[in-house]
1. Assuming B:E45 fulfils every condition listed in (1) within 13 Å of another protein chain (Cβ to nearest Cβ); (2) touching a Gly at 6+ places or on another chain (Cβ under 6 Å) apart from one, which condition is it?
2. Please give the strands (runs of 3 or more DSSP E) falling wholly within segment B:1-91 in which 1 or more residues are closer than 24 Å to A:F106 by Cβ.
3. Just a yes or no: is a residue in segment B:35-54 open to solvent by 30 Å² or more (accessible area, probe 1.4 Å), hydrophobic (A, V, I, L, M, F, W, C) and free of Cβ contacts under 8 Å to residues at least 12 places away in the same chain?
4. Going through A:V115, A:V19, A:V81 one at a time, which residue ends up being more than 14 Å from chain B (Cβ to nearest Cβ), surrounded by 13 or more Cβ atoms within 10 Å (Cβ to Cβ) and touching a His at 6+ places or on another chain (Cβ under 8 Å)?
5. Just need a number here: residues in segment A:86-102 that are out of contact with any strand residue (DSSP E or B) (no Cβ under 6 Å at 6 or more places or on another chain) and either modelled with pLDDT under 90 or not in a helix (DSSP H, G or I) (or both).
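The values are calculated or read from the model by the stated rules, or taken from the named source; none is laboratory data. Keep in mind the model is a prediction, meaning the values are calculated, not measured. Note that each Cβ is placed from the backbone with ideal geometry, even for glycine, and that neighbours are counted across all protein chains shown. Note: accessible area is taken over every heavy atom of the protein model, side chains too, but ligands, DNA and RNA are not part of it. Shrake-Rupley method; radii C 1.70, N 1.55, O 1.52, S 1.80 Å.
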Amino acid sequence: GAVVSQHPSWVICKSGTSVKIECRSLDFQATTMFWYRQFPKQSLMLMATSNEGSKATYEQGVEKDKFLINHASLTLSTLTVTSAHPEDSSFYICSASSRHPNTEAFFGQGTRLTVV
Amino acid sequence: DAKTTQPNSMESNEEEPVHLPCNHSTISGTDYIHWYRQLPSQGPEYVIHGLTSNVNNRMASLAIAEDRKSSTLILHRATLRDAAVYYCILTDTGRRALTFGSGTRLQVQP
């Protein structure tokens with residue numbers, strides 16, 4: 001099946017620095033990708049919808065200036081956590097699906113971010 | 001998005017069948033029923049989906065009630081690798097982001 005690759009798998013950064021997470025669809029073109037965040041023992045929460053060639057759509061309560069999303073090509077979306085703080089430590093997961101609705105979604109393996 | 005209700009946790013023994021229930025009494029006519037699972041420290045993985053008819057694939061079976069207000073994911077022979085959180089999710093035709101509930105944590109005992 002289609003594969004979505006996310007990199008890095010884990011990252012530790014100092015408070016105040018920025019971290020970039022990449023999400024690639026390896027064998028299909030994804031005009032839309034989604035970014036989720038998952039805190040320990042909680043479910044996934046949608047952060048934003050990444051649209052190729054246009055601005056991302058953020059969910060309520062997610063700061064667009066803090067979580068910068070770039071979707072410059074049909075196979076790559078990036079999430080940059082700017083000026084990271086310990087409360088941003090979380091598991092970040094991207095997903096993509098084909099153009100057709102109600103087909104399966106493919107998820108990256110997730111990125112464990114720890115801000116110290 | 002229509003809401004789903006699942007038990008918080010279930011236990012099974014290895015090589016026995018597992019029936020994971022999901023209630024979705026407010027499902028609309030165009031909602032598909034999707035199941036995903038998430039192994040520890042990994043992204044979710046697609047399991048199966050359906051609309052009205054029961055569905056089978058290599059991973060599992062999906063039994064959908066006639067009134068579509070509930071469904072059951074069936075793992076025919078649980079293995080230790082099936083230990084995961086299983087999410088039952090409804091999707092409509094207009095939105096492809098998934099709304100995750102709390103899911104069912106399945107434990108498989110050897």
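1. For B:E45, the exception is condition (2).
2. Values: elements: B:9-13, B:18-23, B:32-38, B:45-50, B:61-64, B:70-75, B:84-91.
Filter on segment B:1-91 gives B:18-23, B:32-38, B:45-50, B:61-64, B:70-75, B:84-91.
3. Scanning segment B:35-54, I find no residue that is open to solvent by 30 Å² or more (accessible area, probe 1.4 Å), hydrophobic (A, V, I, L, M, F, W, C) and free of Cβ contacts under 8 Å to residues at least 12 places away in the same chain, so the answer is no.
4. Numbers: A:V19 fails: touching a His at 6+ places or on another chain (Cβ under 8 Å); A:V81 fails: touching a His at 6+ places or on another chain (Cβ under 8 Å).
Exactly one residue qualifies, and that residue is A:V115.
5. Start the filter on segment A:86-102 by keeping residues that are out of contact with any strand residue (DSSP E or B) (no Cβ under 6 Å at 6 or more places or on another chain), which leaves A:87, A:98-101.
Filter once more, so that each one left must be either modelled with pLDDT under 90 or not in a helix (DSSP H, G or I) (or both): A:98-101.
The total comes to 4.
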